[in-house]
Each structure stands twice: as structure tokens, then as C-alpha cells.
Amino acid sequence: MTQPQDPDTERLELRADNDASHGLSIPLTLTLPTVGGAAHLESRSDLPSEDIRVAALKATLERHRGERQIVLLQDFPDPDALSGAWAYQLIAKQYGINCDLVYAGALSHQENIALVKLTGLPTKKISTANLKDKDLANYQGCVLIDNQGTTCQLLEPVRQAGIPIVVIIDHHSLQEDLNAEFVDIRPSTRATATILTQYLQAGLLKLDSSISEHVKCATALMHGLRSDTNRLMQAQEEDFLAAGYLSRFYDAQLLNAVLQVYRSKRVMEVIQRSLTNRVVQNNFSIAGVGYLRYEDRDAIPQAADFLVTEENVHTAVVYGIVRDEDDEVELVIGSLRTSKLTLDPDEFIKEAFGKNSEGRFFGGGRFTAGGFEIPVGFLCGFNDNTEFSKMKWEVFDNQIKQKLLRLVNPTDSY
């Protein structure tokens with residue numbers, strides 16, 4: 001449920017547009033407290049954009065001092081989301097705001113599991129089936145970190161419970177116009193971890209290398225930044241500056257332990273399937289990998305990471321039907337990876353798969369990467385009939401390939 005705007009509160013919206021010179025162009029939408037029935041707007045053109053963002057976030061946190069907030073991550077949170085949410089939690093704590101970091105899906109990538117276990121990152125899984133109204137009644141605000149709700153099952157029940165969205169911080173392209181008090185969306189920034197680190201640098205939280213929690217959070221942020229910039233190979237100046245700042249606090253041995261995990265046998269089997277089933281056309285590698293268990297979902301992006309390294313391939317798309325037997329749900333889940341600088345994953349995925357009946361896109365992306373989730377719908381359900389499962393997979397496999405190949409080979413007819 002969308003919350004009405006309180007006339008006595010301030011709303012600031014920040015969106016950074018891509019710019020060839022890498023400069024940030026930030027259009028601002030300001031709805032400030034009313035004075036005598038008229039909007040009171042104080043001109044602060046003397047402030048650089050970074051100061052405006054910091055001042056606005058400080059003001060937002062101050063208005064919600066002492067509250068409890070639910071921080072929503074995407075269903076399958078990655079290091080960028082996990083570390084960014086942790087940094088926000090520590091910042092909010094300075095204002096007496098208690099935050100719970102939650103996700104509805106699973107931690108299935110081995111590095112994500114290692115990150116949470118080795119750092120003690122305070123996040124927890126809450127399924128939509130187990131989410132009770134009484135649980136949501138404890139929260140006065142909602143926060144979205146590294147997502148805009150389109151990849152989070154928990155947003156809808158949170159909105160239905162009447163919990164207002166207080167903060168959105170993300171680096172993906174704009175997905176939908178959510179009503180929030182503070183919105184900082186920067187599609188030209190490589191990692192949400194970079195954005196949160198900039199807020200730390202600006203003094204919203206003074207990191208202390210003698211505090212274990214600060215060291216572990218800095219380590220997580222370094223991992224998130226490294227992960228979303230392909231080990232810094234696609235990093236920009238602001239990412240290197242953020243990494244330089246974090247280098248004063250992070251634990252190199254701890255980060256190395258997180259990175260020294262091995263691919264499971266199940267992940268290797270999915271990569272093998274993707275190699276066997278791939279179709280390569282016009283430097284695109286497209287592979288369906290069949291059915292996967294819910295806990296193996298992160299094998300899909302790992303397979304895409306592998307396929308995009310093949311010679312004469314600049315873009316890889318890997319997808320499969322993921323089964324959650326506990327909730328009896330099936331989703332077609334896919335990942336895109338590209339090394340082609342002129343290919344926008346967000347535009348490509350949105351054009352390929354479009355929107356659902358509610359007008360929400362089935363997927364989106366950021367620089368060099370993207371993903372999509374498509375409900376199986378009426379055909380959802382587990383069937384002991386092997387022939388039925390085979391036919392169902394063939395239907396979805398052919399349909400997805402057709403939609404992708406229309407963009408890969410626009411002159412061909414399918």
C-alpha cells in the first residue's frame with residue numbers, strides 16, 4: 001500500500017544519469033516542509049552533489065531516529081547487496097535505528113555463504129509464507145539496498161502492511177518509480193558498496209579498526225566492490241577511491257578466506273550442462289540448463305560467467321527452471337554476462353522479456369550483467385511423470401531461445 005506524503009516531511013530524490021565524461025548529473029526532486037501553507041525551499045546551489053546527498057540522508061535518518069526498519073535484499077543477495085545493507089545498518093545505528101536485514105530466497109553461491117559465516121554478517125531468511133502481519137507490525141519503515149523491489153518477493157507484503165519505504169540506495173537502472181523519502185539511484189556507479197562506502201567516508205559512520213564489527217563490514221564491502229567490478233578490472237575512479245579507503249580497515253586474511261572456496265560438484269554439473277546445451281550465434285552464447293533445486297540457483301550466474309570467457313563470445317545467457325519444493329513454486333531464472341561495452345544488459349533483458357500483467361519488468365541489469373525471473377504460472381507443479389516434465393522444459397526452453405534470438409539475429413524470423 002502506498003503511503004500518502006506527510007506534508008510536514010521532506011522528500012529528496014536523487015538519480016545519477018550515465019554520462020560519457022563519467023560526471024554525475026543529478027536531477028533533484030525536493031518536497032520540503034510547508035511554512036504558512038507554501039513549500040519552503042532553501043537554495044543550496046553552493047553545495048556539491050555529494051554534500052547534498054549526505055545532508056539529505058542525515059536528515060532522513062534523523063527524522064526516523066529510534067525507529068525499527070526492515071532492510072529488504074533481493075531474493076538471492078550477492079556480496080554487493082549483503083555488504084551494502086550491513087553498512088547501512090551500522091550507519092542507521094548511529095541514529096538509534098535498529099535494522100533487520102532480510103531476504104526471501106537463498107544464499108546458494110559458495111562465496112556468499114562463506115561471507116556470511118566468516119564475518120557473522122547479520123542477515124536472515126524470511127519466506128513470504130512465514131511472514132506474519134504481527135512480525136511486520138514491529139517495523140516503522142522499509143529500506144531497499146542494491147535493488148528496487150523487482151527482485152524481492154518481500155516488498156509486496158511489506159507494502160500491503162502499510163510500511164512506508166524510507167530509503168532506496170541502488171546502482172541498477174531505474175525499474176519503477178517507488179515512493180520513498182530518500183532515493184539514491186546511480187546507474188553509472190559500478191557497485192552499491194561504492195555508494196555506501198562514500199557515505200562512510202563522508203562521516204556518517206567513522207570506521208574504527210579496533211572494532212571487530214567495523215573491520216568485518218569493511219571486509220564485506222571490499223568483497224562487494226570487488227565482486228561487482230570483476231575484481232576491479234571494470235572499476236572506475238570512484239571505486240578505486242572507495243577501495244583505497246576500505247584498505248585502511250579491512251582484513252586481508254579474512255577476505256582471502258572468503259575467496260578461497262571451491263565450486264561444488266552441483267555447480268560444476270550445471271556448468272557442464274551449459275557447455276553441452278549452448279547455442280552460439282553472433283557472438284552470443286545461449287544455454288538452457290533444465291531443472292535446478294532452489295538452493296542451486298546461483299549455479300546459473302556462475303555458468304554464465306564461465307561461458308562468456310569462450311573465444312569469440314562477448315555475451316552469455318544461461319537459464320533454467322528453479323524448483324522450490326517447500327513452497328511448491330517454479331521460476332524460470334536466467335543470468336546474462338557481457339564484455340561488450342555497447343550492450344546494455346538492462347535494455348536487452350527488458351526488450352527480450354517485457355513486463356508482467358502488473359506492468360513490472362521480468363528482469364533488468366547493470367553494467368556487464370543482468371538477470372530475469374519468469375513465473376512458470378499455470379504449468380507450475382511437480383509431476384512424477386518424466387515425459388511431462390520434459391515437455392514442459394522444452395516449451396520454456398524454446399520460448400526463451402526464441403525471444404533472445406530475435407534480438408541476436410533481428411533479420412531472421414522465428
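Give Val289, Val317 a once-over and let me know the one that is at pLDDT 95 or above and either loosely packed, with under 15 Cβ neighbours inside 10 Å or closer than 19 Å to Asn409 by Cα (or both).
Among Val289, Val317, only Val317 is at pLDDT 95 or above and either loosely packed, with under 15 Cβ neighbours inside 10 Å or closer than 19 Å to Asn409 by Cα (or both).
Working only within region 340-373, note down all residues that are open to solvent by less than 60 Å² (accessible area, probe 1.4 Å) and among the aliphatic types (A, V, I, L, M).
Leu343, Ile349, Ala352, Ala369
Considering (1) over 19 Å from Ala287 (Cα atoms); (2) modelled with pLDDT under 90, say which one Gly364 fails and leave the rest.
Result: Gly364 passes all but (1).
Enumerate the pairs (first residue in region 106-131 and more than 17 Å from Gln74 (Cβ to Cβ); second residue anywhere and open to solvent by 40 Å² or more (accessible area, probe 1.4 Å) and aliphatic (A, V, I, L, M)) with beta-carbon separation below 7 Å, excluding pairs fewer than 6 apart on the same chain, so at least 6 apart or on different chains.
The qualifying pairs are Gln110/Val261; Ala114/Val261; Leu118/Ala257.
Just checking, how many residues over region 392-414 are surrounded by 12 or more Cβ atoms within 10 Å (Cβ to Cβ) and at pLDDT below 90?
Number of matching residues: 1.
Is region 384-403 home to any residue that is part of a strand (DSSP E or B), touching a strand residue (DSSP E or B) at 6+ places or on another chain (Cβ under 6 Å) and of a type outside the set (Val, Ile, Thr)?
No: zero hits.
Only one of these is surrounded by fewer than 22 Cβ atoms within 10 Å (Cβ to Cβ), of a type outside the set (Gly, Ala, Ser) and under 15 Å from Glu213 (Cβ atoms): Leu90, Leu82. Name it.
Leu90
When you go through Leu178, Leu131, Leu144 one by one, which is the residue that is open to solvent by 10 Å² or more (accessible area, probe 1.4 Å), more than 21 Å from Ser49 (Cα to Cα) and not in a helix (DSSP H, G or I)?
Leu131
Where residues in region 326-339 are without any contact (Cβ under 8 Å) to a residue 40 or more places away in the chain and buried (at least 18 other Cβ atoms within 10 Å of the Cβ), which of them is nearest to Pro301 (Cα to Cα)?
Of everything passing the filter in region 326-339, Ser335 is nearest to Pro301 (Cα to Cα).
Only one of (1) crowded, with 18+ Cβ neighbours inside 10 Å; (2) more than 30 Å from Ala235 (Cα to Cα); (3) touching an Asp or Glu at 6+ places or on another chain (Cβ under 6 Å) fails for Val376. Which number is that?
The failed condition is (1).
Is there a residue in region 159-171 that is within 15 Å of the chain's Cα centre (by Cα), basic (Lys, Arg) and open to solvent by 10 Å² or more (accessible area, probe 1.4 Å)?
There is no residue in region 159-171 that is within 15 Å of the chain's Cα centre (by Cα), basic (Lys, Arg) and open to solvent by 10 Å² or more (accessible area, probe 1.4 Å).
I'd like the full set of residues that are of a type in the set (A, V, I, L, M) and surrounded by fewer than 19 Cβ atoms within 10 Å (Cβ to Cβ), limited to region 181-203.
Result: Ala202, single match.
Hand me the list of strands (runs of 3 or more DSSP E) wholly inside region 223-325 holding 1 or more residues that are of a type in the set (D, E, K, R) and in contact with a helix residue (DSSP H, G or I) (Cβ under 7 Å, 6 or more places away or on another chain).
Qualifying strands (runs of 3 or more DSSP E): 315-324.
The conditions are (1) open to solvent by 20 Å² or more (accessible area, probe 1.4 Å); (2) over 28 Å from Glu176 (Cα atoms); (3) hydroxyl-bearing (Ser, Thr, Tyr), and Ser389 fails exactly one of them. Which is it?
(1)
Give the residues of region 66-107 that are of a type in the set (D, E, K, R), farther than 22 Å from Tyr294 by Cβ and outside any loop (DSSP other than H, G, I, E, B), sorted by residue number.
Arg68, Lys93, Asp100
Of all residues in region 204-236 being over 20 Å from Leu254 (Cβ atoms) and at pLDDT 95 or above, which is surrounded by the most Cβ atoms within 10 Å (Cβ to Cβ)?
Per the criteria, the residue is Leu204.
The values are calculated or read from the model by the stated rules, or taken from the named source; none is laboratory data. Remember, it's a predicted structure, so these values are computed and weren't measured experimentally. Reconstructed Cβ throughout: ideal geometry from the backbone, glycine too, with neighbour counts over all protein chains shown. Note: accessible area is taken over every heavy atom of the protein model, side chains too, but ligands, DNA and RNA are not part of it. Shrake-Rupley method; radii C 1.70, N 1.55, O 1.52, S 1.80 Å.
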